[in-house]
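Single-structure report; data block below.
The values are calculated or read from the model by the stated rules, or taken from the named source; none is laboratory data. Predicted, not measured: the structure shown is a model, and the values here were computed from it. Heads up, the Cβs are rebuilt from the backbone with ideal geometry, glycines too, and the neighbour counts pull from every protein chain shown. Accessible surface areas use protein heavy atoms only, side chains included; no ligands, DNA or RNA. Shrake-Rupley method; radii C 1.70, N 1.55, O 1.52, S 1.80 Å.
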Amino acid sequence: MTIKQLPAALRPREKLLNQGPQCLADAELLALLLRTGNREHSVLAMAQNMLDQFSGLAGLMQASAGDLRRIKGLGPAKVSELCAVIEIARRAMLQGLSQEPIFESPTRVKEYLQLRMSTLEHEVFAVLFLDSQHRLLCMEEMFRGTLTQASVYPREVVKRALALNAGAVVLTHNHPSGVAEPSRADERITATLRDALQLVDVRVLDHIIVGRGQTVSLSERGLM
């Protein structure tokens, strides 16, 4: 059944206007963005199929443009609109998180980094520079590419920490493959940076690895 065949009171747009967006199911909200289905599925069925494929709205929020392009029936226009909506939502959440002294627990840091890094399609090593109260000063990409001991320069991290008057840092990198398990190389890099930053009285609070829908804290694993 298409949306036009539904009684007016059951159509997503009319429900939203009359009852508010909170009354709509996830598939109905997504259907409003998609607007039309394809030859095989109504827009509501198409929306539900997408939610099933991405394991709900949380998974859809982490979808990349490449992921969306693989959905049958999504052309460039719909992919662009969905990417824009996802990015607006991500930036709104990031803004709220970064305005608070949030980095007092690994859980809050992992939430922040999942939003920032989980959809990147290339490997990035970044540093969160924090003040003495663990509020975010800035997050900077320090290296891009396959992570090795030789590719991370402790001197550059120390220089930025001193320039920003940071009191602590959180190290992070992503695994575009989606698997966030740490390697021995990750442990060695963490130890090297911890020792270098300790010389200028800057603490390394954690090293967090970000995958698709998964983050791993080396501190929580007892690997620091």
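With a cut-off of 12 Å between beta carbons, the residues surrounding residue 78 carry a summed charge of +2, where Lys and Arg count +1 and Asp and Glu -1. Computed over protein heavy atoms with a 1.4 Å probe, the accessible surface of segment 124-224 works out to 49 Å² per residue. Dipole magnitude for segment 160-214: about 100 debye, using +1 per Lys or Arg Cβ and -1 per Asp or Glu Cβ, origin at the Cα centre.
Please give the per residue volume of the convex hull enclosing the alpha carbon atoms of the chain, rounded to a whole number of Å³.
130
For segment 8-50, the fraction of 1.4 Å probe accessible surface lying on carbon and sulfur atoms is 53 percent. Among the DSSP beta bridges whose two residues both lie in the chain, what percent are antiparallel, rounded to the nearest 5? Roughly 70 percent of the beta bridges in the chain run antiparallel, per DSSP. Averaged over residues, the count of other Cβ atoms within 10 Å places the peptides 181-192, 18-29, 119-130 in the sequence 119-130, 181-192, 18-29, highest first.
Dividing the summed -39500 (n - 2.57) terms of all DSSP H runs of n ≥ 4 by the residue count of the chain sets its mean residue ellipticity at 222 nm at -13000 deg cm²/dmol. Among rounded, prolate and oblate, which fits segment 161-224 when a ≥ b ≥ c are the square roots of the eigenvalues of its C-alpha gyration tensor, a/c under 1.5 means rounded, and a/b larger than b/c means prolate? It comes out prolate by the Cα gyration axes. Residues considered: 38, 174, 165. Largest GNM mean-square fluctuation over the chain, using C-alpha springs under 10 Å, is found at 38.
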